[in-house]
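Read the structure below first, then the notes.
The values are calculated or read from the model by the stated rules, or taken from the named source; none is laboratory data. The shown structure was predicted, so the numbers you read here are calculated from the model rather than taken from an experiment. Here the Cβ positions follow ideal geometry from the backbone for every residue, glycine too, while neighbour counts run over all protein chains shown.
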Amino acid sequence: MTLIYKISPGKDWQQAEARGRFSGAPVDLADGFIHFSAADQVRETAAKHFAGQEGLVLVAIEAEALGEELKWEPSRGGALFPHLYGELDMSAVRWVRELPLGADGAHLFPEGL
């Protein structure tokens, strides 16, 4: 099983859970797909796009559960990033964890990631 990751404000994620699907953050809606990161990309994503933000959650999604709507496409520096062309159904979510800030202002990721 391949896990991909979404960083989201906790309140936005709670609303998505209540709806049973995640349609995307404003940047996702503007780009026409939901942005995700692979395990080796998610720390850089947090530092680049969420620096210093509190109240975030890290969501792990099973990539294979997303089917053909998930595309791995070149982005930052030519690296392939996972993009979902559709809504994220909560059945593909494997876990959700808080993404707190450490004393140095960087986000603290779960062990093993």
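Here ALA25 clears all of (1) in contact with a strand residue (DSSP E or B) (Cβ under 6 Å, 6 or more places away or on another chain); (2) among the small types (Gly, Ala, Ser); (3) closer than 25 Å to LEU101 by Cα except the condition numbered (1). Only one of the numbered conditions (1) under 22 Å from GLU111 (Cβ atoms); (2) assigned to a strand (DSSP E or B) is violated by MET1, and that is (2).
Is there a residue being over 20 Å from LYS11 (Cα atoms), at pLDDT 95 or above and either in a strand (DSSP E or B) or more than 12 Å from the chain's Cα centre (by Cα) (or both) anywhere in segment 86-102? Yes, segment 86-102 has at least one match. When the test is whether a residue is surrounded by 13 or more Cβ atoms within 10 Å (Cβ to Cβ), out of contact with any strand residue (DSSP E or B) (no Cβ under 8 Å at 6 or more places or on another chain) and either among the hydrophobic types (A, V, I, L, M, F, W, C) or modelled with pLDDT under 95 (or both), ALA106 passes it. Of all residues in segment 61-85, those that are assigned to a strand (DSSP E or B) and over 13 Å from SER8 (Cβ atoms) total 11. Candidates SER8, SER75, SER37: the one that is surrounded by 14 or more Cβ atoms within 10 Å (Cβ to Cβ), of a type outside the set (Phe, Trp, Tyr) and at pLDDT below 95 is SER75. Would you confirm whether or not segment 98-113 contains a residue that is in contact (Cβ under 8 Å) with a residue 12 or more places away in the chain and either among the basic types (Lys, Arg) or in contact with a Pro (Cβ under 6 Å, 6 or more places away or on another chain) (or both)? Within segment 98-113, none of the residues are in contact (Cβ under 8 Å) with a residue 12 or more places away in the chain and either among the basic types (Lys, Arg) or in contact with a Pro (Cβ under 6 Å, 6 or more places away or on another chain) (or both).
Of the residues that make up segment 49-60, is at least one out of contact with any Phe, Trp or Tyr (no Cβ under 8 Å at 6 or more places or on another chain), surrounded by fewer than 18 Cβ atoms within 10 Å (Cβ to Cβ) and in a helix (DSSP H, G or I)? Step through it out loud before you land on a result.
Keep residues of segment 49-60 that are out of contact with any Phe, Trp or Tyr (no Cβ under 8 Å at 6 or more places or on another chain), which gives 49-55.
Then drop every residue that is not surrounded by fewer than 18 Cβ atoms within 10 Å (Cβ to Cβ), which leaves 49-55.
Add one more test, that the residue is in a helix (DSSP H, G or I), and what stays is 49.
For segment 49-60, residues out of contact with any Phe, Trp or Tyr (no Cβ under 8 Å at 6 or more places or on another chain), surrounded by fewer than 18 Cβ atoms within 10 Å (Cβ to Cβ) and in a helix (DSSP H, G or I): present.
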